[in-house]
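To start, the structure itself, in structure tokens.
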Amino acid sequence: MEDGKQIKTTLRMLHSDKPNIVVGRYTYGNPLLLTWAEDERITIGAFCSFARETAVLGGGEHRYDWITTSPIRIMFDLPGARKDGIPCSRGETVIGNDVWMGFRSIILSGVTVADGAVIGAGAVVANDVPPYAVVAGNPAKVIKYRFEESVRNDLLSIKWWDWPIEKIIDSVDLLCSNDADAVKKLMALSRC
């Protein structure tokens, strides 16, 4: 139940008991959301779609600047374990709103994936992804944008994912359209 509506299980429902993982409304799928320490954070926006076998990492990285990459202190419960920089994180992992992650894609820690982005199947995302970009590959690179810049800016100002669910449902024909006039109509609705 989200916003008083009966729907299938959402990702937010599945992770509601994890304080370092925050998931927006109506985001769905069953990705691996992995954190290893209390200070590692994953934040995911609303209306995101995760294909099977996707993963979002909040940290758990190893120190490759050391002689060993092995977490020896943790393995043998030695003094300094978990205080010596292992596991390490590059910072909070943030996925914006209305992001689609393709099959077996991976987001590494410290990355921000902006609103409206598409992550291609099998992509390994090690760097930030701009709004409405389509990225693919290992390492993931921008291969195109979903819309021209003016449309991207309009969509970012509309922020339809923040609307009340009734307004979204009433606007579904516009949201599920590639008609150029749909963006203008959504702009008018966003002012209401």
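Selection of helices (runs of 4 or more DSSP H) fully inside the stretch 124-192 by the criterion of at least 1 residues being of a type in the set (Asp, Glu) and surrounded by 14 or more Cβ atoms within 10 Å (Cβ to Cβ) returns 149-158.
Within this structure, Ala121 fails the test of being assigned by TED's automatic domain parsing to the domain that holds Ile95, under 30 Å from Gly60 (Cα atoms), surrounded by 17 or more Cβ atoms within 10 Å (Cβ to Cβ) and among the small types (Gly, Ala, Ser). Residues that are of a type outside the set (A, V, I, L, M) and part of a loop (DSSP other than H, G, I, E, B) within the stretch 66-80 comprise Trp66, Thr68, Thr69, Ser70, Pro71, Phe76, Asp77, Pro79, Gly80, listed in sequence order. Candidates are the residues of the stretch 9-45 that are among the small types (Gly, Ala, Ser) and at negative phi; the one that is modelled with the lowest pLDDT is Ser16. A search for C-beta distances below 7 Å between a residue of the stretch 175-187 that is charged (D, E, K, R) and any residue that is in a loop (DSSP other than H, G, I, E, B), counting only pairs 6+ apart in sequence or on different chains, returns nothing. Pairs linking a residue in the stretch 81-96 that is in the same structural domain as Leu32 (by TED's automatic domain parsing) to a residue that is part of a loop (DSSP other than H, G, I, E, B) and loosely packed, with under 14 Cβ neighbours inside 10 Å, with Cβ atoms under 6 Å and 6 or more positions apart or on different chains, do not occur. Picking from residues in the stretch 19-51 that are under 19 Å from Gly91 (Cβ atoms) and of a type in the set (Gly, Ala, Ser), the one that is surrounded by the fewest Cβ atoms within 10 Å (Cβ to Cβ) is Ala37. For the stretch 135-192, filtering for residues that are of a type in the set (Phe, Trp, Tyr) and at pLDDT below 95 leaves 0. Residues in the stretch 89-118 that are assigned to a loop (DSSP other than H, G, I, E, B), buried (at least 23 other Cβ atoms within 10 Å of the Cβ) and among the hydrophobic types (A, V, I, L, M, F, W, C): Val99, Ala117.
The values are calculated or read from the model by the stated rules, or taken from the named source; none is laboratory data. Keep in mind that what you see is a predicted model, and the values were worked out from it rather than measured. Positions of Cβ are backbone-derived with ideal geometry, glycine not excepted, and every protein chain shown enters the neighbour counts.
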